[in-house]
Amino acid sequence: MERRELERQIVEKEWLMFQQVQGVNGQAACQDDWTTFLIMRLSQFEGWDTDVLESYFEDIVQAEAQERNLIMEKYAYMMEETDPVYFLSIKELLPEISEEKQLMAEKITSIYMEWEKEADIKYPNIRRHGRPAEGIGVDGTVSVRNYLKCELYTYSSKTLALFILSIEKNPEYNRYLATMQKMVQAYGYSSLEEAEKEMA
């Protein structure tokens with residue numbers, strides 16, 4: 001399967017899972033916004049090596065066979081920070097995260113947060129329109145750190161290991177900036193520099 005087709009199939013499967021997520025207050029408006037969902041997910045995958053993408057596709061196929069919803073699990077894990085009281089009531093319903101997976105997810109997240117700091121310095125106007133790096137935004141927006149870490153929790157150990165290996169093979173490649181570049185291009189900008197200037 002060609003890479004772009006693989007990306008598209010993953011996003012379509014994720015979208016179906018996303019549609020089945022029921023928040024505490026019912027469905028969110030973003031669950032009706034396929035275009036934004038597509039842009040955000042394809043942008044994230046821009047920073048991934050193909051073997052990581054293929055392994056994650058296997059994770060999704062296996063999750064479907066087990067009737068697991070990886071998107072729901074991600075949002076549920078995030079509630080440990082955003083709504084800890086409610087999280088305690090659902091914690092036992094979620095797959096247990098092994099110590100090995102926790103360590104790998106933390107390692108990847110820590111590296112991404114260093115890349116995020118670089119992005120904050122280079123493109124503050126663009127970053128101002130995104131998630132806060134840490135904590136919870138004034139509007140309740142989940143942080144980059146919490147969102148990424150909890151998504152990584154839903155990946156298999158194999159996918160996480162491949163992810164770490166890919167980073168170690170090319171440590172100078174800022175995958176966070178690669179995601180930002182893909183995203184601004186999807187919104188019609190030719191470069192991060194153009195988007196930064198327009199968003200000032």
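Here are a few things to note about the model shown:
- Computed over the chain, the P(r) tail beyond 24 angstrom holds 41 percent of alpha carbon pairs.
- Surface share of carbon and sulfur [accessible, 1.4 angstrom probe, percent] for the stretch 47-88: 53 percent
- Under 15 Å from LYS197, Cα to Cα: aspartates and glutamates that are on another chain or at least 8 residues apart: ASP120
- Compactness of the stretch 85-146 - radius of gyration and Dmax, Cα, Å: 14.7, 42
- Only the Cβ atoms of Lys and Arg (+1) and of Asp and Glu (-1) were treated as charged; on that basis the dipole of the chain about its Cα centre amounts to roughly 260 debye.
- Accessible surface of the stretch 101-200 [probe 1.4 Å, protein heavy atoms]: carbon and sulfur percent: 56 percent
- Cα centroid of the stretch 70-94 to Cα centroid of the stretch 158-200, whole Å: 28 Å
- Within the stretch 36-106, the proportion of C-alpha pairs whose separation exceeds 18 Å stands at 55%.
- Simple label model, 7 Å out from Cα along Cβ direction - THR141 to ASN125, nm: 1.7 nm
- Under 18 Å from LYS13, Cα to Cα: lysines that are on another chain or at least 8 residues apart: LYS74
- Counting only protein heavy atoms and a 1.4 Å probe, the chain has 55 square angstrom of accessible area per residue.
- Cα convex hull of the stretch 94-200 - mean projected area over all directions, nm²: 7.8 nm²
- Simple spin-label estimate for THR50 and GLU106 gives 3.5 nm between the two label positions (7 Å along the Cα-to-Cβ direction from each Cα).
The values are calculated or read from the model by the stated rules, or taken from the named source; none is laboratory data. Remember, predicted model here, so these are calculated numbers, not experimental data. In this analysis, Cβ positions are derived from the backbone assuming ideal geometry, glycine residues included, and neighbour counts consider all displayed protein chains. Each accessible area value is taken on the protein alone, full model and side chains, heavy atoms only, with ligands, DNA and RNA left out. Shrake-Rupley method; radii C 1.70, N 1.55, O 1.52, S 1.80 Å.
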